[in-house]
Amino acid sequence: MVVGSLYLPKDNPNKPLGEDAHCMHELYQTIGVADGVGGWALKGIDAGIYARELMKNSFIATYDETMKGDHVNPKRVLEEAYKNTNSKGSSTACIITLNSVENTIVAANVGDSGFLLIRKGKITYKSPIQQRGFGCPYQLGNCNSDNPSVAQEMELNVERDDILMVGTDGMLDNIFESEIEEIVERAIDQKLKAEELASQIGNIALYDSFDRFADTPYARASQGRHKGGKIDDITVIVAYIQ
């Protein structure tokens, strides 16, 4: 995987780093995202600290997996990272690795972050979200939250020139799959680098998030409870399978 990313924290002087976090271990072909649950702010807790610690520990756990001589197992990575994360708060999480021997990607996902697999400009798979209700995703944490046993595991065949796009809900809630396909098709024609494609996707999601009248996935999912885009931290990781 050749990987590029973009992170756009929402404008909040009290939380300049936002509540999203991500990790990219190109040597061991593993990437991950986490989204700190904003509701903790009501208790004076910055869930972004939890998300960042979880991703730091996921990066370390990825290395530890390879030292055992095994292929990286995303669920084991999440379990190890979760065990070693002590901050208050909670977050969603998605870890994905490329198994270049089997030509597959293997993923473990908790909550409403997720990924798309794109082949020849068309989305062939979108990971399902886990939530107990609208705006209430499954989440890892130390305070009456879920644990990695709830993670949904997936394994998908991949081909050369496939594109893997991973994002937090700040991306997924603000841009439709049809829009993503149009942007990806242009990116293929223009031979954009992974980081350039991530930047285009992230910035269009950002633009839509500020549009109070935009038709967005989040507005549709709300069934009339919300109109327009959803202002949120936005993380996008793009990985070209080569």
Leading residue by the ranking (surrounded by the fewest Cβ atoms within 10 Å (Cβ to Cβ)) among those in segment 82-99 that are in a strand (DSSP E or B) and not aliphatic (A, V, I, L, M): ASN99
Please go through segment 231-242 and pick out each residue that is within 16 Å of the chain's Cα centre (by Cα) and of a type outside the set (Ser, Thr, Tyr). ASP232, ASP233, ILE234, VAL236, ILE237, VAL238, ALA239
Across segment 147-175, the tally of residues that are farther than 13 Å from PHE115 by Cα and open to solvent by 20 Å² or more (accessible area, probe 1.4 Å) stands at 7
Output the number of the condition that ARG52 fails; it satisfies all remaining conditions of (1) on the phi > 0 side of the Ramachandran plot; (2) in a helix (DSSP H, G or I). (1)
Considering each of GLU102, GLU79, GLU53 in turn, give the residue that is farther than 23 Å from LEU17 by Cα, surrounded by fewer than 21 Cβ atoms within 10 Å (Cβ to Cβ) and modelled with pLDDT of 95 or more. GLU79
Of (1) assigned to a helix (DSSP H, G or I); (2) of a type in the set (Ser, Thr, Tyr); (3) open to solvent by 30 Å² or more (accessible area, probe 1.4 Å); (4) modelled with pLDDT of 95 or more, TYR63 satisfies every one except (4)
Just to be sure, is GLU185 open to solvent by 30 Å² or more (accessible area, probe 1.4 Å), under 15 Å from LYS126 (Cβ atoms) and either assigned to a helix (DSSP H, G or I) or modelled with pLDDT under 95 (or both)? no
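Give segment 2-24 a look and list any residue that's buried (at least 23 other Cβ atoms within 10 Å of the Cβ) and in contact (Cβ under 8 Å) with a residue 40 or more places away in the chain, or say none.
LEU6, GLY18, GLU19, ASP20, ALA21, HIS22
Starting from residues that are of a type in the set (Gly, Ala, Ser), in contact with a helix residue (DSSP H, G or I) (Cβ under 9 Å, 6 or more places away or on another chain) and at pLDDT 95 or above, keep the ones in segment 195-228 and report whichever is nearest to ARG160 (Cα to Cα). Spell out the reasoning first.
Step one: filter segment 195-228 for residues of a type in the set (Gly, Ala, Ser), giving 198-199, 202, 205, 209, 214, 219, 221-222, 224, 228.
Then drop every residue that is not in contact with a helix residue (DSSP H, G or I) (Cβ under 9 Å, 6 or more places away or on another chain), which leaves 202, 205, 209, 214, 228.
Still in the list and also at pLDDT 95 or above: 202, 205, 209.
On the way: GLY202: 24, ALA205: 27, SER209: 33 Å.
Checking each candidate, the answer is GLY202.
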Please work out which residue is farthest from GLU19 (Cα to Cα), limiting yourself to segment 124-163 and to residues that are in contact with a helix residue (DSSP H, G or I) (Cβ under 8 Å, 6 or more places away or on another chain) and among the small types (Gly, Ala, Ser). ALA151
Surrounded by 17 or more Cβ atoms within 10 Å (Cβ to Cβ), of a type in the set (A, V, I, L, M), closer than 21 Å to VAL72 by Cα and at pLDDT 95 or above: is that true of ILE118 in this structure? no
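The values are calculated or read from the model by the stated rules, or taken from the named source; none is laboratory data. Predicted, not measured: the structure shown is a model, and the values here were computed from it. Heads up, the Cβs are rebuilt from the backbone with ideal geometry, glycines too, and the neighbour counts pull from every protein chain shown. Accessible surface areas use protein heavy atoms only, side chains included; no ligands, DNA or RNA. Shrake-Rupley method; radii C 1.70, N 1.55, O 1.52, S 1.80 Å.
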